[in-house]
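The values are calculated or read from the model by the stated rules, or taken from the named source; none is laboratory data. Owing to the predicted nature of the structure, the values given are computational and were not obtained by experimental measurement. Backbone-built Cβ (ideal geometry, glycine too); neighbour counts: all protein chains shown.
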Amino acid sequence: MGISKLLFLNQLITKSTFQSLKPYFNSPLIFTQIRKITQLSTSFDNSLHSIAVQFVENSPKKSVIPLIEEYEKGNVVKHNDLRKIIHTLRNKHLFDRALEVSEWMTNRCFGRADSSELAVRLDLTSQVHGVDAAEKFFKEVNDHSERMHGALLNCYVKANLVDKSLSHFQMMKDNGLITSALAYNDIMSLYMKIGQVDEVPKLLTEMKRDGIKPDSISFKSCLKSLASKSDTASLEKLVNIMENEPRLMDWSTCCLIASSFIDVGCKDKAIYYLQKAENKVCRNAVGIKHLITLYTKLGDLSQMMNLWRIHKHVCKAQINVDYMAMIGSLTKIDAFQEAETILHEWESSGNVYEFRVPNVLLLGYSRKGQVEKAEKLLEDIISKGKTPISNTWSIISSGHIKCGNMDKALECMMKALELVPQYQGWVPNQETLSSILKWLGDEGEIEKVDRFLEVLSMSVPMNQEMYSTLLRANIRHGNEVGDILERMKAADIDLDEETSKLIK
């Protein structure tokens, strides 16, 4: 057991749980150290929920059941503790571990579970083992409640099984198994996914006819469908209906309405609902960031900056992704001066230095064809002792391509590739790489082609596009290409049509 596990146990285990968990971690040395820790601390959270969840987060491939069973020997395991563990693991997408706790709880610990617990287990079974396994479980438990049928419907919808979804939905309707909006929302979601957006408003009408009260998700799905069709008249009619349902009009709904009006070109109405959202969002940081995104779509720099100031006041400290989002929004509306101001704020914020943050601004300059400004900014950053990562040089390379500076683009991409040993797993942007390879094949000197492909092949296995570049460059210089063709044959790589014609 390494240091990370020791620190993990340091956070989890107190004197009261030490003895009951000892058999699960069979390392005398570690337990000697933990005993010293627990003698010094009595404030750690030693609840089963905390212990189990943090254990799974640190060892996601290891079963948590032995830990629960050992805990049970010296403590009372409550039903709600297990439900809470399942809920947390499910929200963290640790489905396999959540499923094993659900199975242990329903099969062994507390006898027959209720419909809500069986529905959760059905969903987890589908997530881990697939729809067929979920159907098998559904038949085995023989629970014909609305909740269980709804859970199975949700499994079908998630798997995009259109026929099964619609058939099961109709069966639920025929048997009086729909008393809430959940099943309708699932089918609305399905129609949106498969592009049948015209069906969504029909379902809303059907709900009202059948006496099912739509919820906020129902109306939001309908808003999205009408906006996607640019059906302004129907959109306005639906919004008027929603206005008479105060329970629906929270900040997120107002933002969605505003976004829908932006999409159909109704700027004034969009601003009206953005202002309503601002009045409702209060100190919600997520809501503030969402508003910034929508004002970006409107190109309203003043409101963007005002909301950024509010965000700083509400959150006190911004993390790197906050700065990245704001800089990215500003570059979209060409507010580069303000973006550089935000970058300087970040540099003095005390946050961990990640090149991902300035990369957002560099990318903005490069996409706008302002590669000289991108290079100047990068020079300033390097002068402060910071070392660019591979992706930074790739971004500058793409900027030079946009401006037609292929030699400079090649030079920057070489710098990116030479850094790959430090940033394993990074691969070049395919569009940028293809542009450089095409230029090398059509115009590059043999020495440059050979050197670039040599460095590139350390990150990307030789493929058809790379061989095509090599062949075109050699043919252009009058060189024999038989050995290259043999290498392609040995690697089972075919010629592309253009290069094949060139050789003939």
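Points to keep in mind about this one:
- Of all the listed residues (Lys289, Lys312), the sole one being of a type outside the set (A, V, I, L, M), farther than 18 Å from His344 by Cα and part of a helix (DSSP H, G or I) is Lys289.
- Within the stretch 252-267, the set of residues being closer than 18 Å to Ile292 by Cα and either of a type in the set (A, V, I, L, M) or crowded, with 22+ Cβ neighbours inside 10 Å (or both) comprises Thr253, Cys254, Cys255, Leu256, Ile257, Ala258, Ser260, Phe261, Ile262.
- Total residues in the stretch 274-303, condition acidic (Asp, Glu) and touching an Asp or Glu at 6+ places or on another chain (Cβ under 9 Å): 0
- Looking only at the stretch 74-124, and only at residues there that are closer than 19 Å to Gly150 by Cα and outside any helix (DSSP H, G or I), the one that is modelled with the highest pLDDT: Asp114
- Only one entry in Lys402, Lys386 is within 23 Å of Gly364 (Cα to Cα), touching a Ser or Thr at 6+ places or on another chain (Cβ under 8 Å) and of a type in the set (D, E, K, R), namely Lys402.
- Boolean, Val481 is hydrophobic (A, V, I, L, M, F, W, C), at pLDDT below 95 and surrounded by 16 or more Cβ atoms within 10 Å (Cβ to Cβ): yes
- Assessment of the stretch 280-292 against the conditions (under 20 Å from Ile262 (Cβ atoms) and surrounded by fewer than 18 Cβ atoms within 10 Å (Cβ to Cβ)) yields at least one matching residue.
- Qualifying residue in the stretch 249-259 (condition: without any contact (Cβ under 8 Å) to a residue 12 or more places away in the chain and within 27 Å of the chain's Cα centre (by Cα)): no
- Test: residue in the stretch 248-256 that is assigned to a helix (DSSP H, G or I), of a type in the set (A, V, I, L, M) and over 22 Å from Glu338 (Cβ atoms): yes
- Filter result for Met148 (surrounded by 15 or more Cβ atoms within 10 Å (Cβ to Cβ), out of contact with any Ser or Thr (no Cβ under 7 Å at 6 or more places or on another chain), within 30 Å of Val64 (Cβ to Cβ) and not β-branched (Val, Ile, Thr)): no
- Pairs where the first residue, in the stretch 403-418, is within 13 Å of Leu378 (Cβ to Cβ) and the second is part of a helix (DSSP H, G or I) and among the polar types (S, T, N, Q), C-beta under 7 Å, 6+ apart: Cys412/Ser397; Ala416/Ser390; Ala416/Ser394; Ala416/Ser397
- In the stretch 353-422, counting only helices (runs of 4 or more DSSP H) that sit wholly within it, the ones holding 3 or more residues that are within 19 Å of Lys332 (Cα to Cα) span 356-367, 371-383, 390-402.
- For the stretch 209-228, taking the residues that are under 23 Å from Asn244 (Cβ atoms) and of a type in the set (Gly, Ala, Ser), the one that is nearest to the chain's Cα centre (by Cα) is identified as Ser221.
- Qualifying residues in the stretch 327-356 (those that are surrounded by fewer than 20 Cβ atoms within 10 Å (Cβ to Cβ) and of a type in the set (Val, Ile, Thr)) - the one nearest to Lys402 (Cα to Cα): Ile333
- Residue in the stretch 436-446 that is under 18 Å from Ser468 (Cα atoms), of a type in the set (D, E, K, R) and under 26 Å from the mean Cα position of the chain (by Cα) present: no
- In the stretch 359-380, the qualifying residues are those that are in contact with a helix residue (DSSP H, G or I) (Cβ under 6 Å, 6 or more places away or on another chain) and among the hydrophobic types (A, V, I, L, M, F, W, C), and the one that is nearest to Ala409 (Cα to Cα) is Val371.
- Of all residues in the stretch 173-208, those that are within 18 Å of Glu245 (Cα to Cα), surrounded by fewer than 17 Cβ atoms within 10 Å (Cβ to Cβ) and not small (Gly, Ala, Ser) total 2.
- Residues of the stretch 423-447 that are among the aromatic types (Phe, Trp, Tyr) and assigned to a loop (DSSP other than H, G, I, E, B): Tyr423, Trp426.
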